[in-house]
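Written out below as structure tokens is the structure these notes cover.
The values are calculated or read from the model by the stated rules, or taken from the named source; none is laboratory data. Every value quoted in this text rests on a predicted model; they were computed, and no experiment measured them. We place every Cβ from the backbone using ideal geometry, glycine too, and count neighbours over all the protein chains shown. The protein model used for the area step is the full one, side chains on, heavy atoms only, and it has no ligands, DNA or RNA in it. Shrake-Rupley method; radii C 1.70, N 1.55, O 1.52, S 1.80 Å.
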Amino acid sequence: MKKKNPFSRLSSIQTRISAVMIIALVFVLGINLFLINEINTAVGRIESVYTSNVSINTLSDTLELIQENVYDYLNTKSSQALENYYKYEQEYRALLEDLNEDVTGNEILLLEKNIRNMSESYLQQTALTVQAKRGRNVERYKEAYAAETQLYEYINTYIYRLNNLLFRENSTSYQTLLSSMSVLERGSLVLMVAVFAICILIVMLFVHDMIRPLTVLSSTAHEVASGNLDVPQLPVVYEDEVGVVTRGFNQMLTSIREYIDRLRESMEAEAQMKERELLTETHLKEAQLKYLQAQINPHFLFNSLNAGAQLAAMEDAEQTSIFLERMADFFRYNVRKMSGDATLLEEIESVDNYIYILNVRFAGDITYEKDIRADIEGIRMPSMVLQPIVENAVQHGIHDCMENGRITLTVRLSSFADSSQPENDMLEITVRDNGVGMTHEKIRDVLEGRTMPNGEESHSTGVAMSNVIHRLELYYNRKNLLRIESGGPGCGTQVIISLPVQDCQPSWKFAGTRNKNTLIDTDREEENVSNLNR
């Protein structure tokens, strides 16, 4: 059975610390009082050793003063000498009271008894001497003084002998006392060390008993901080501050476990929800792409076929064959690319076919130029992007000035640094016309998708600029890939598409040019251009 700690019923650490300190201080105080008492006793014994010699010396000095004052009174009959005599006589009698008067075999006590008896006789003789002097009896005071002087010498002899005996005895006692003091000193030192050790032991036991719950709490907290939450509940040893902290730690640990369980369940549910949302978003984007790409106006197909029929009636079969071939290529591309992306080369080829068809319809009034300054082999992008832009340039830019209309298609690596893109990482495709131009408000409406289809659009492919912008954003998952610039009404318009190079997976190389106006294109494009020129 575990022994109960005597401090276990104390309610706080402060109370326990105070109790231990009070016990230690009381213990130390008791030891100090004991040592002080022993030291005082030893000092008193040492003082008593020398008190006897001092008393004998005082007795001898007082006796000498009595003798001197009696002598002075006999020679001068001075009243001062007489007063001093009476004073010292009283002091001498008081000193005699401390001497032994009993019969004993001790030499010192026997000497004290003899000195006391002779001193009584001496004092009586001095009284007779003074009395004879005052009565002016010369013969009598001379005899009395002679007897007094003889007793004085005897007393001094005995005092001297007593003083020597006391000194020898006191010296022996002093050595004994010195030995006792040495023993007391060593005993005091040992006792103080023992008390110090006991106090340290008590404090260490108390501190260990107090720190042990904190150590266990610290170790457990370290385990929890390391991620181990499978630690046992800590026992509450004392109902003190540590006990309160321990109980709070247990509650916190329980709350953390419950929170982690709830968080795990929530994360699992959120993960499942995210998975469903991603599937939904993927299906939605796929549906949006298919929906946007499917918005082609069938009226354009009918009008174009009618123009082919008219051309066949007016011209020979060769031109009709070329026209129908271009028409077939154009619509074949539109149908085939409804559900996916295309290469940039295929997009440019679709524009070539579209311009050829328009020139057949409008008697070759549209001037079309290409300036391709980069290797576009393998570059992919959303289908049906360039042709709708060129179509808008024709329908809204040069429709009213078809005979002087000019469409320019430029492809080059970007030479500017955008704030959100690294430098030289964009492929810039520009469609420029010299038509009626656009106001800033109109450009903003087009980019924000606020334009409404008009009557002319019902005879086009039907793919609006908002459709192109949305498909570019969905395909590259970026914003602001298309921008429109115009100097205002009558200044023409250019639409610039910036394609991220890293998302196109191109095989880049700069194409060298023989002169500023040289077209860099594939063999098929050159064939298309030559056919167009014919």
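Got a sec? Which of 147, 132 is open to solvent by less than 90 Å² (accessible area, probe 1.4 Å), closer than 22 Å to residue 60 by Cβ and small (Gly, Ala, Ser)? Full working, then the answer.
On the way: 132 fails: closer than 22 Å to residue 60 by Cβ.
Just one listed residue meets the conditions, 147.
Looking across the range 225-244, just one residue is without any contact (Cβ under 8 Å) to a residue 60 or more places away in the chain, in a helix (DSSP H, G or I) and crowded, with 16+ Cβ neighbours inside 10 Å, and that is 243. Under 30 Å from residue 66 (Cβ atoms) and either in a helix (DSSP H, G or I) or touching a His at 6+ places or on another chain (Cβ under 8 Å) (or both): does that describe residue 149? Yes.
Being surrounded by 14 or more Cβ atoms within 10 Å (Cβ to Cβ) and under 30 Å from residue 199 (Cβ atoms) narrows it down to one of 63, 35, 109, so name that one. Full working, then the answer.
Values: 63 fails: under 30 Å from residue 199 (Cβ atoms); 109 fails: under 30 Å from residue 199 (Cβ atoms).
When all the criteria are applied, what remains is 35.
When the range 402-417 is examined, which residues are found to be open to solvent by 20 Å² or more (accessible area, probe 1.4 Å), within 50 Å of the chain's Cα centre (by Cα) and modelled with pLDDT of 75 or more? Residue satisfying the conditions is 413 alone. Pull up the range 178-211, narrow it to residues that are open to solvent by 80 Å² or more (accessible area, probe 1.4 Å) and of a type outside the set (Val, Ile, Thr), then point me to the one that is nearest to residue 39 (Cα to Cα). Result: 185. In the range 80-98, which residue that is of a type outside the set (Phe, Trp, Tyr) and in contact with a Ser or Thr (Cβ under 8 Å, 6 or more places away or on another chain) is most open to solvent (accessible area, probe 1.4 Å)? Step by step, filter the range 80-98, then rank; the result is 98.
Within the range 332-357, if we keep just the residues that are open to solvent by less than 40 Å² (accessible area, probe 1.4 Å), assigned to a helix (DSSP H, G or I) and at pLDDT below 85, the residue that is farthest from residue 402 (Cα to Cα) turns out to be 337. Pairs are defined by a Cβ separation below 6 Å, a sequence spacing of at least 6 or placement on different chains, a first member in the range 483-502 that is on the phi < 0 side of the Ramachandran plot and open to solvent by 60 Å² or more (accessible area, probe 1.4 Å), and a second member that is of a type in the set (Phe, Trp, Tyr) and assigned to a strand (DSSP E or B); no pair meets this definition. Which of the following residues is part of a helix (DSSP H, G or I), at pLDDT below 70 and either on the phi > 0 side of the Ramachandran plot or open to solvent by less than 100 Å² (accessible area, probe 1.4 Å) (or both): 277, 270, 258, 281? So the residue among 277, 270, 258, 281 that is part of a helix (DSSP H, G or I), at pLDDT below 70 and either on the phi > 0 side of the Ramachandran plot or open to solvent by less than 100 Å² (accessible area, probe 1.4 Å) (or both) is 281.
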